[in-house]
Every structure is written in structure tokens, then in C-alpha cells.
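Peer 1: Structure below; questions to follow.
Laboratory data are not the source of any read-out in this text; all were calculated from the coordinates shown. In this text the structure is predicted, and so the values were computed from the model without any measurement. Virtual Cβ from ideal backbone geometry, glycine too; neighbours counted across all protein chains shown.
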Amino acid sequence: MNFETDKNGQLVRLTIGAPAVWRNPLPHHKAGLSYTATGYGSKIPTPYMVRTIDQKWRRVYCAIFSNVGTCYVHHGKNKTIVNFEGV
């Protein structure tokens, strides 16, 4: 697991390997449904949770517009981008 911070020490990017990822699907995932009617949105929950630097399991969300998605977790009011490697 790699952490990248900005000049103020804020966590801005988290690179996750397999041991820190947990698959915990929500009811709409288990039913094979999309979270929104279009499949697009700024806070689409994924079936994944990651253990962050504070050792808490946090849900991974994805901002999906057009055919591009960016995965992130919430840290209070901040969002941290998540890169999955080898998962």
C-alpha cells in the first residue's frame, strides 16, 4: 500500500494491493442492478472497501461520467483517489 501526500501532508492518492481490499457488495450489486438509472453519477458505491492509513475500512466510490470513472474514498470532507494494483 502506497500513500501520496501533498505539501500540507494531506493524503491525495492511495495505491492499494490485494491484502488491503475487501469485497463487500451492497444489495443492488447482489441483485445485478445499477445504482442509478443511467449508471453515471458522482458518488456511485462500488462493491469494494479498502483499509486506509487510519486502519479503518472505507467504501470505495466511483465518479462515472461518459466512459470514464475515478475511484475514491472519503476521509472526512476530503476525497482520496484510489488506484488498484493486482486486485
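Peer 1: Which FRET efficiency value, to the nearest 0.05, is calculated for Leu33 and Ala63 with the Förster distance at 30 angstrom and r the Cβ-Cβ distance? Please report the intermediate quantities before stating the final value.
Peer 2: Details: r = 19 Å, r/R0 = 0.64.
The formula returns an efficiency of 0.95 here.
Peer 1: Order of Thr36, Thr80 from fewest to most other C-beta atoms within 10 Å? Walk me through the numbers on the way to the answer.
Peer 2: Details: Thr36 12, Thr80 21.
Listed from fewest to most nearby Cβ atoms, that is Thr36, Thr80.
Peer 1: Shifting gears a bit: Give, in whole angstrom and from largest to smallest, the semi-axes √(5λ) of the equivalent ellipsoid of the stretch 35-87, with λ running over the eigenvalues of the Cα gyration tensor.
Peer 2: Numbers: eigenvalues 82, 30, 20 Å².
Here the semi-axes work out to 20, 12, 10 Å.
Peer 1: Rounded to whole Hz and in sequence order, give me ³J(HN,Hα) for the stretch 35-46 from the Karplus expression 6.51 cos²θ - 1.76 cosθ + 1.60, θ = phi - 60°, writing x for Gly and Pro.
Peer 2: Coupling constants for the stretch 35-46: 5, 10, 4, 8, x, 10, x, 9, 9, 8, x, 9 Hz.
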